[in-house]
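S.K.: Below is the structure I would like to discuss, written out as C-alpha cells.
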Amino acid sequence: QVRLVESGGGLVLAGGSLRLSCVVSGSTINVNAMEWYRQAPGKQRELVASISSRGTTNYADSVKGRFTISRDNAKNTVYLQMNSLKPEDTGVYYCSYATWRRYWGQGTQVTVSS
C-alpha cells in the first residue's frame, strides 16, 4: 500500500523559513515526478513545485526564488525548502505523485503570521 507522509509544517513569522519533508512508503519514487501542492482556506488546491525523475524543477510564479524542491531517491523522500515566507503562503501543503492514479499525503499545515 502506497503511503505519503508529510511533516515539517508549523507556525512561523513572515520572513521565516520551514522545510517540509514527504516520505513515501510502499513504492519507490525514483522514476516518478514528485509534486508539492497547497490549499489555502476557501481556495482551490494549487501546484506549488514539481521535480522530475531527472531533477528538473518547476515552480509557481508566486514562490519562485523563495522555495526549493529537492528529492533523495535513496530515502524515498521529497523536500520543500521554503524561505522568505509570506502570510499568503499559509495553507495545507500536500505531497503528491501520479502513476496510473494520483497519490496524496494527508497534508501538513503551514501558517505564516505577519
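The values are calculated or read from the model by the stated rules, or taken from the named source; none is laboratory data. The structure displayed is predicted, hence computed values, not measured ones. Quick reminder, even Gly has a Cβ in these numbers, built from the backbone with ideal geometry, and neighbours come from all protein chains shown. The accessibility values were calculated without ligands, DNA or RNA, using every heavy atom of the protein model including side chains. Shrake-Rupley method; radii C 1.70, N 1.55, O 1.52, S 1.80 Å.
S.K.: Quick check on my filter: what residues within the stretch 99-114 are touching a residue at least 60 places away in the same chain (Cβ under 8 Å), in a strand (DSSP E or B) and surrounded by fewer than 13 Cβ atoms within 10 Å (Cβ to Cβ)?
M.R.: Initial filter on the stretch 99-114 (touching a residue at least 60 places away in the same chain (Cβ under 8 Å)): 99, 103-114.
Those still in the list that are in a strand (DSSP E or B) too: 103-104, 108-113.
Within the stretch 99-114, Gln109, Ser113 meet the criteria.
S.K.: Tell me whether the stretch 80-98 contains one or more residues that are at pLDDT below 95, farther than 19 Å from Gly9 by Cα, open to solvent by less than 80 Å² (accessible area, probe 1.4 Å) and not in a strand (DSSP E or B).
M.R.: Looking for residues that are at pLDDT below 95, farther than 19 Å from Gly9 by Cα, open to solvent by less than 80 Å² (accessible area, probe 1.4 Å) and not in a strand (DSSP E or B), one finds none in the stretch 80-98, hence no.
S.K.: Given the conditions (1) in contact (Cβ under 8 Å) with a residue 24 or more places away in the chain; (2) open to solvent by 70 Å² or more (accessible area, probe 1.4 Å); (3) not in a strand (DSSP E or B), report the number of the one that Arg54 does not fulfil.
M.R.: (1)
S.K.: How many residues, within the stretch 11-51, are over 13 Å from the mean Cα position of the chain (by Cα) and either of a type in the set (A, V, I, L, M, F, W, C) or surrounded by 13 or more Cβ atoms within 10 Å (Cβ to Cβ) (or both)?
M.R.: Of the residues in the stretch 11-51, 10 are over 13 Å from the mean Cα position of the chain (by Cα) and either of a type in the set (A, V, I, L, M, F, W, C) or surrounded by 13 or more Cβ atoms within 10 Å (Cβ to Cβ) (or both).
S.K.: Name the residues in the stretch 99-110 that are among the polar types (S, T, N, Q) and modelled with pLDDT under 95, would you?
M.R.: Selection gives Thr99 alone.
S.K.: Looking at Val63, Val48 in this structure, which one is β-branched (Val, Ile, Thr) and assigned to a loop (DSSP other than H, G, I, E, B)?
M.R.: Val63
S.K.: Would you pick out the residues in the stretch 67-79 that are closer than 20 Å to Ala40 by Cα and either open to solvent by 20 Å² or more (accessible area, probe 1.4 Å) or in contact (Cβ under 8 Å) with a residue 40 or more places away in the chain (or both)?
M.R.: Answer for the stretch 67-79, where residues must be closer than 20 Å to Ala40 by Cα and either open to solvent by 20 Å² or more (accessible area, probe 1.4 Å) or in contact (Cβ under 8 Å) with a residue 40 or more places away in the chain (or both): Thr68, Tyr79.
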